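Heads up: the structure comes next, in structure tokens.
The values are calculated or read from the model by the stated rules, or taken from the named source; none is laboratory data. Everything numeric in this text was worked out from a predicted model, so none of it was measured. Heads up, the Cβs are rebuilt from the backbone with ideal geometry, glycines too, and the neighbour counts pull from every protein chain shown.
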Amino acid sequence: MTDPFQFFTPSHRHGGPGYRAPDDAIESWQKLAEEVRRELERMGFAASVVPGGDPQGLPPGAHVWVNTVEPFGVTIDWDPPVTGSPEYVEKVLTQDVTSGLFSYVVNASEIIVRALVEVLREAGFQVLIDHAGGRTYNYRVLAAPRFPKF
């Protein structure tokens, strides 16, 4: 598996966020993302691989990102069904961050994605919760199990 952290220095040297990882690294992350998706689905979680860019149109559940630019590598997040509801969309569009619904969704999603990380860890994946700044984190999957338990 290609270490995503090796691309941060070249990224900052070559103009920042526009720097794209090499194709062979992206291919290895795509394979890892598919293994993550399969494991999460095997354990009952809806999961989709996001090959970069926009997750529009993906179903709710775990989103397994293949990041070709920073933060590079494979990350996961959780998109609950409620984010498509008219009530929630209204809160987002009006930027009502004081809304009980908005804070509930953010906090509950954080709890779920941390649980997903622990499920993957239990299955033997190498995972890392990486502080991205402020109150945000990258929930990384660095490698598949070398010696699968099951």
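Just a few scattered comments:
- Filter pass, residue 3 being surrounded by fewer than 19 Cβ atoms within 10 Å (Cβ to Cβ), at pLDDT below 80 and of a type in the set (D, E, K, R): yes
- Tally of residues being at pLDDT 95 or above and of a type in the set (A, V, I, L, M) across the stretch 130-142: 2
- All positions within the stretch 50-62 that are modelled with pLDDT of 90 or more, over 17 Å from residue 26 (Cβ atoms) and either under 14 Å from the mean Cα position of the chain (by Cα) or surrounded by 15 or more Cβ atoms within 10 Å (Cβ to Cβ) (or both): 60, 61, 62
- Counted residues, the stretch 32-84 - those being free of Cβ contacts under 8 Å to residues at least 60 places away in the same chain and among the charged types (D, E, K, R): 7
- Residue in the stretch 79-94 that is surrounded by 14 or more Cβ atoms within 10 Å (Cβ to Cβ), under 20 Å from residue 132 (Cα atoms) and either out of contact with any strand residue (DSSP E or B) (no Cβ under 6 Å at 6 or more places or on another chain) or charged (D, E, K, R) (or both) present: yes
- Here residue 85 meets the list (1) at pLDDT 90 or above; (2) closer than 25 Å to residue 39 by Cβ; (3) hydroxyl-bearing (Ser, Thr, Tyr) almost entirely, failing just condition (2).
- Any hit, the stretch 113-121, residues being more than 27 Å from residue 3 (Cβ to Cβ), at pLDDT 95 or above and exposed (fewer than 15 other Cβ atoms within 10 Å of the Cβ): no
- Any hit, the stretch 100-108, residues being modelled with pLDDT of 90 or more and in contact with a strand residue (DSSP E or B) (Cβ under 9 Å, 6 or more places away or on another chain): yes
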